[in-house]
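Throughout, read-outs are computed from the coordinates displayed, never taken from laboratory work. Predicted model only: the values in this text are computed from it and were never measured. Note that each Cβ is placed from the backbone with ideal geometry, even for glycine, and that neighbours are counted across all protein chains shown.
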Amino acid sequence: MSDKNEIICISCPIGCRLQVTKLSEEAVKVEGNRCNRGEAYGREETLRPKRTVTACVRTNSRKIAYAPVKTDKPLLKEYINELLKILYTLDIEVPLRRGEILIHNFKGLDVDVVFTRTVPG
Amino acid sequence: MKTNVYDAVVIGGGAAGMACACEMDSSGLKVAIVEREETLGGILLQCIHNGFGLHRFKEELTGPEYAERYIEKVENTSLDVFLSTTVVNIANEGEGYCVTGYSGSEGVLLFKTEAVVLAMGCRERNRGNIGIPGTRPSGILTAGLAQRLINMDGLVPGRRIVIAGSGDIGLIMARRLTWTGCEVLGVVEILPYASGITRNIVQCLKDFDIPLYLSHIISRIEGKDRVESVQVTPLQDGKPDISGSFPLECDTILLSVGLIPENELSRKASVKINHETGGAYVDAHYMTSQKGIFACGNVLHVHDIVDFVSEESVTCGRYVHQYVKHSLLDAAQYNVTPGANVKYVIPNSFIREAGRKFYLRSLIVKNDAELKVMLGEQTIIKKKLRHVQPSEMISFVLDNEAFPASLPIGDRMALEVSIH
C-alpha cells in the first residue's frame with residue numbers, strides 16, 4: 001500500500017512541504033522535512049491528526065466576562081466538537097488562575113483543558 | 001496637574017511596550033508605561049489561539065499566556081504603569097520631551113522625560129481603505145473587532161460569514177467562527193497567494209474545507225439593513241472578469257485586509273514616516289528622525305510573530321538606555337535600502353558593531369531563494385532561504401567580520417538588501 005500525500009508542516013513558521021507515504025496503519029515515510037519535529041508531524045497528521053483547541057468559557061466576573069481556555073496537548077480531531085459543546089455550556093466562578101485545570105483527562109484521552117488567563121475575583 | 005519625571009516613557013503596554021520597558025528597568029532607568037486600556041497586554045489578550053512564544057519561550061503559548069508572562073515580569077520591576085491613560089501629545093522641550101496623557105480618574109498627567117518609546121501597535125484597515133462598492137448595511141466589521149467581540153465579550157457577530165482578505169487574523173477567525181457554530185463560506189483574496197502564514201492556511205481553512213478564492217475580489221455588497229450577499233469576482237490579468245462573478249449569500253463580512261501602524265502621535269511629534277512600512281524611519285539604534293524618540297513593535301512595522309516584537313523591543317530598550325546614559329556608539333551609519341524583491345528592511349541604517357539584526361519582508365513567493373546584502377559592488381552576505389513569501393518576515397544578522405574593514409569611516413554608502 002502506497003499513498004503519497006503532500007502536507008504542509010505546521011510545527012514552526014517555516015512550513016516545510018512534506019511528502020508523506022502511508023506504508024501501513026502504523027507506519028509512514030516522511031520526506032521533505034528539515035527537522036525531527038517535521039517527521040513526527042507528518043506521521044501524526046497522517047495516522048492520528050490532532051489539534052490544540054482554544055475557546056472561551058463564560059465567567060461571573062464583571063470585568064472579564066469570558067475566560068480563555070486551551071487543551072494542554074493537541075486533541076484528536078474527532079473529539080473537538082464534543083469538547084467545544086461542553087465548554088460552551090459552562091458557567092465558571094472566578095477567581096481563577098492561568099494554568100488551573102478546568103477539565104481533567106477529557107474522555108480518558110490524557111488531555112486537560114486549562115485556563116490561559118488569570119481572572120481575579 | 002501632576003508632573004512625573006522619568007528617563008524614558010513608553011507609550012503602549014502591549015508586547016512591544018512591556019518588553020522594551022522591562023529591558024530599560026533592568027538596566028536601571030526610571031521608566032513609565034502609559035497604556036490606554038484598563039490592563040496591560042494589548043492585542044495579545046484577545047488572541048486566545050496558540051502558537052505564540054515558540055522562539056522566545058521555546059514552547060507554544062496562547063496570546064493571554066504570552067501577555068501574562070510579561071505582565072508578571074512588569075509587576076516584579078520598579079516600572080510605573082499608568083493604565084486607562086491616553087497619550088494625546090508629545091512635545092519637544094529642547095533637552096527632552098513632555099508627554100501629555102489623559103486619564104478619566106486622574107485628569108491630565110504630564111510626563112517629563114529624556115526619551116520616548118513609541119509602542120502603540122497598529123490598527124486594522126477597513127472598508128474605506130479598500131473601497132468595496134455596494135450598500136452600507138450592518139454586518140461589516142474588521143476581523144480583529146470580531147475577534148474581540150467573540151473572545152472577550154462573548155458576542156457572535158453573525159451566522160453566515162464571508163471573509164475579505166487572507167490576513168492572519170481573518171484566518172484565525174475563520175476557525176474560531178466555525179468552532180462557534182457559524183458557517184464560513186469562503187475567504188476572498190485579491191492577491192494570487194495568501195497573505196497569512198502557512199500554518200494558518202492549513203489549520204484554519206483546510207481543516208474545515210473553507211474555500212480560499214485567490215485572485216478574487218468582493219466586487220459588491222448587497223443588503224438593505226443587514227448584509228444579504230456579496231458578489232465575488234475573479235481577476236483576469238489584474239482586471240475583474242465580471243462574467244466569472246458569483247454570489248455568496250451571507251449575513252456578515254469580516255475584513256482582514258492588513259494593518260497600519262498607529263502613528264498619529266508620531267506624526268504630531270514630527271517623526272518622519274516610511275511609506276513602505278507605515279512606521280517611522282529608524283536609525284541603527286531604533287531612534288526615529290526625532291532625537292530621543294524611539295520606536296519598536298507593530299508601530300514600527302507590522303510583524304507576523306510576537307516573538308520578534310519582543311526581541312526587537314528589547315534591542316530598542318538597550319539603545320534607549322545607552323542614549324539616556326550618553327553612551328550610544330557614535331560612529332558612521334550606513335543607510336540600509338531595500339533592493340530587488342524586498343519591500344522594506346528595518347532598521348533603516350547600519351552601524352559597524354557586532355551582531356546587528358535586520359528584519360525584512362519579501363515581495364515575492366519563492367523556494368530556494370537567496371538573500372544578498374551588497375555594499376556598492378561588494379557582496380557582504382549571501383544567505384540561502386528555503387522559502388520566502390511576503391507574509392513571513394525574514395531576519396539576518398550582520399557581523400563585523402562580514403563587513404570590510406578597509407572602508408573609509410564616514411563613507412555614506414548604502415547597504416542594499418535583495419532577494420533573488
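Brief remarks on what is shown
- Cβ-derived FRET efficiency at R0 30 Å, B:Tyr102 paired with B:Lys291, nearest 0.05: 0.70
- In this structure, the amide hydrogen of B:Val232, modeled 1.01 Å from its nitrogen in the peptide plane, lies closer than 5 angstrom to those of B:Ser219, B:Phe246, B:Leu248, counting only residues at least 5 positions away or on a different chain.
- Share of alpha-carbon pairs per 20 Å distance bin for the protein assembly as shown, given as whole %: 20, 52, 26, 1
- Subtracting the Cα-Cα distance of B:Leu363 and B:Lys224 from 0.36 nm times their residue separation leaves 46.1 nm of extension gain.
- Maximal additional length on extending the B:Ser243-B:Arg136 stretch stands at 36.1 nm, based on 0.36 nm per residue less the C-alpha distance.
- Extending 7 Å from the Cα toward the beta-carbon at both A:Gln19 and B:Asn129 defines two label points whose distance is 4.1 nm.
- Here, the stretch B:145-207 is characterised by an Rg to Rh ratio of 0.95, where Rg is the alpha-carbon radius of gyration and Rh the Kirkwood radius.
- Taken residue by residue and averaged, Cβ atoms of other chains lying within 10 Å of the Cβ of B:39-46 number 1.
- With θ taken as phi - 60° and the Karplus curve 6.51 cos²θ - 1.76 cosθ + 1.60 applied, the whole-hertz 3J(HN,Hα) list for the stretch B:268-285 is 4, 8, 6, 6, 6, 9, 8, 6, 6, 9, x, x, 6, 6, 10, 7, 5, 9 Hz, x standing for glycine and proline.
- Order of B:Thr288, A:Thr59, A:Thr52, B:Thr3 under a 10 Å beta carbon neighbour criterion, fewest first: B:Thr3, A:Thr52, A:Thr59, B:Thr288
- From the C-alpha gyration tensor of the stretch A:1-67, square roots of 5λ in Å: 36, 14, 8
- Among beta bridges from DSSP that stay inside chain B, the antiparallel ones total about 60%.
- Taking the DSSP bridge list for the stretch B:169-273 and keeping only pairs wholly inside it, about 85 percent are antiparallel.
- C-alpha long axis of helix B:143-153 to longest principal axis of chain B, angle in °: 90 degrees
- Couplings for the stretch B:312-317, taken from phi via the Karplus curve 6.51 cos²θ - 1.76 cosθ + 1.60 with θ = phi - 60°, read 4, 6, 5, 4, 4, x Hz in order; Gly and Pro are left as x.
- Normalised by 2.2 N^0.38 Å, where N is the number of residues, the C-alpha radius of gyration of chain B stands at 1.03.
- The stretch B:290-348 - Rg (one decimal) and Dmax (whole number), Cα, Å: 13.1, 39
- Shape analysis of the stretch A:60-121 based on the Cα gyration tensor places the equivalent ellipsoid semi-axes at 22, 12, 9 Å, largest first.
- For the stretch B:282-381, the ratio of Cα radius of gyration to the globular rule of thumb 2.2 N^0.38 Å stands at 1.13.
- Of the trypsin sites (Lys or Arg not before Pro) found in the stretch B:60-159, those in coil by DSSP whose Cβ has at most 15 other Cβ atoms within 10 Å are B:Arg159.
- Against the empirical curve 2.2 N^0.38 Å, the C-alpha radius of gyration of the stretch B:39-98 lands at a ratio of 1.50.
- Distribution of pairwise C-alpha distances over the stretch B:120-270, 10 Å bins, in %: 12, 41, 35, 11, 2
- Positive dipole terminus of the stretch B:67-215, leading residue within B:Ile190, B:Tyr97, B:Leu145 (C-beta point charges): B:Ile190
- Antiparallel bridges, percent of DSSP beta bridges restricted to the protein assembly as shown (to nearest 5): 65 percent
- Based on C-alpha pairs under 8 angstrom that are at least 6 apart in sequence, the stretch B:68-127 has a relative contact order of 21 percent.
- Relative to its Kirkwood radius, the Cα radius of gyration of chain A gives an Rg/Rh of 1.11.
- D (Stokes-Einstein, µm²/s), Kirkwood Cα radius, the stretch B:19-133, 0.692 mPa s at 37 °C: 202 µm²/s
- Extending 7 Å from Cα along the Cβ direction at B:Leu329 and again at A:Tyr88 yields two label points whose distance is 5.5 nm.
- When B:Leu255, A:Leu75, B:Leu141 are sorted by how many other C-beta atoms sit within 10 angstrom of their C-beta, beginning with the fewest, the order is B:Leu141, A:Leu75, B:Leu255.
- Sparsely packed GluC sites (Glu not before Pro) within the stretch A:24-100, loop by DSSP, other Cβ within 10 Å at most 11: A:Glu25, A:Glu26, A:Glu93
- Debye, to nearest 20: dipole size of the protein assembly as shown, +1 on Lys, Arg Cβ, -1 on Asp, Glu Cβ: 420 debye
- Footprinting exposure proxy for B:Cys316, B:Cys204, B:Cys182 (fewest neighbouring C-beta atoms within 10 Å first): B:Cys182, B:Cys204, B:Cys316
- Check: chain A dipole with +1 on Lys, Arg Cβ and -1 on Asp, Glu Cβ, in debye: 480 debye
- Coil-residue GluC sites (Glu not before Pro) of the stretch B:30-63, DSSP, other Cβ within 10 Å capped at 14: B:Glu38, B:Glu59
- For the stretch B:1-40: span of alpha carbons on each principal axis (Å, largest first): 29, 27, 11
- Crossing angle, helix A:36-47 versus chain A [Cα axis fit, 0-90 degrees, rounded to tens]: 90 degrees
- Dipole magnitude of chain B, debye to nearest 20 (Cβ charges: Lys/Arg +1, Asp/Glu -1, about Cα centre): 620 debye
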